[in-house]
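One structure is given here, and the rest of the page talks about it.
All of the numbers you see were taken from the coordinates with simple rules; none came from a lab. Just so we're clear, the structure is a prediction, and the values are computed from it rather than from any experiment. Here Cβ is always computed from backbone atoms with ideal geometry, including for glycine, and neighbour counts include all displayed protein chains.
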Amino acid sequence: MENKMRPAEMKRINTPELAQAFIHGQVKAVREQVGDKKVLLALSGGVDSSVVAALLIKAIGKQLVCVHVNHGLMRKGESEQVIEVFQNQMDANLIYVDATDRFLDLLAGVDEPERKRKIIGGEFIKVFEEEARKLEGIDFLAQGTIYPDILESDGVKAHHNVGGLPDDFDFELVEPVRLLFKDEVRCVGHALGLPASMVERQPFPGPGLGVRCLGAITRNRLAALRESDAILREEFGKAGLADQVWQFFTVVPDFRSTGVRDGKRAFDWPVIIRAVNTVDAMTATVPEIDWAVLKTITDRILAEVPGVCRVLYDLTPKPVGTIEWE
Ligand code: XMP
């Protein structure tokens, strides 16, 4: 790939004007690169792929084919937002694949974290490959590679690309944000008119909720995880914490504890709240969350999420504990 390193004179994109100038330049460059050919993009709904999608829709419209694979491990409302923003609002060429059953069937009974990650990553490539084979006349593959990916890992990062496609796919790459840092990608995303909830979204691991539904994933614990995570996000949003805390989510372990509900003994799942602040995710601290906020979240989870009888707040910094639980 040409132009791999960021030129020393390249300005930091941190104003709407600089973002517009960048967009203008990339629209021109992409049109020159692609001509009248078609471009394929795996659109996860994360910040990077969403910004690339919006940029390419602006540049080449329906010549872009986006594939959104729902692996069943997305947060509540995420796939719906991808469809709403890109299909309904931006009129993109979007193929939506609900592969939930495929992923959950493969993951049934698998409790080893790295094995779970491998299955999710491998199956994602398979589903994407199947969709790509159905399409004709695709010459280019767009990717949301960003500059830290190039600096840290030679441009190869499992959740950012679909590297791992078979050799007979010899797509030329289109990587319009490859020289940008994350904050610049966000700035460009705002300038492209993407919703703030998409552009400012916190980091979300490629295997999604799969590594937060601990041990062997079951549909009922996954549902409890998704609902409790949505409550946490809503309440952090209301309390003004969403843009102050770097990453926050819930975890559902694969053991139960005793409770009492409606005068009867219950034996249900706990929900663990994890919230961290960090600069580079190598070390992390746990923010002091207002007691009233934690209490509201606890009460709502206990009242609204079936199968849960206990809520805990994880006080462990990194090190020793990692940010994710597995
Ligand atoms: P840990 O748990 O290692 O997490 O302290 C550090 C950061 O990495 C994210 N993370 C992942 N991201 N695939 C990803 O794309 C993964 O398998 C994965 N595991 C952890 C985690 O969410 C945190 O931001």
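Summary table
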item: In Hz, Karplus ³J(HN,Hα) per residue of the range 25-35 (6.51, -1.76, 1.60; θ = phi - 60°; x = Gly, Pro); result: x, 6, 4, 5, 5, 5, 4, 5, 5, 8, x
item: Radius 9 Å from Cβ of G210, net charge of other residues (Lys, Arg +1; Asp, Glu -1); result: +3
item: 5 angstrom amide H check on V110, placed H, neighbours 5+ away; result: I217
item: Charge dipole (the range 1-101, unit charges on Cβ, about Cα centre) - positive-most of A59, V97, Q20; result: Q20
item: Kirkwood Rh and Cα Rg combined as Rg over Rh, evaluated for the range 246-326; result: 1.03
item: Sorted peptide list for 222-228, 302-308, criterion being average Cβ within 10 angstrom, highest first; result: 222-228, 302-308
item: Fluctuation leader among Q89, Q26, Q81 - the chain, Gaussian network, Cα springs under 10 angstrom; result: Q89
item: Cα-Cα pairs of the range 68-107 separated by more than 11 Å (percent); result: 63 percent
item: Separation of the R6 and K182 label points, Cα + 7 Å toward Cβ, nm; result: 1.4 nm
item: Degrees between helix 291-304 axis and first principal axis of the chain (Cα, 0 to 90, nearest 10); result: 90 degrees
item: Other-chain or far-sequence residues with amide H under 5 Å of K38's (modelled H); result: D139, F140
item: For E175, E80, order by how many other beta-carbon atoms lie within 10 Å, fewest first; result: E80, E175
item: Neighbourhood charge, 11 Å Cβ-Cβ cut-off, centred on V69 and excluding it, Lys, Arg +1 and Asp, Glu -1; result: -3
item: Label point at Q89 placed 7 Å out along Cα→Cβ; residues across the range 163-206 whose backbone nitrogen lies under 20 Å; result: 183-204
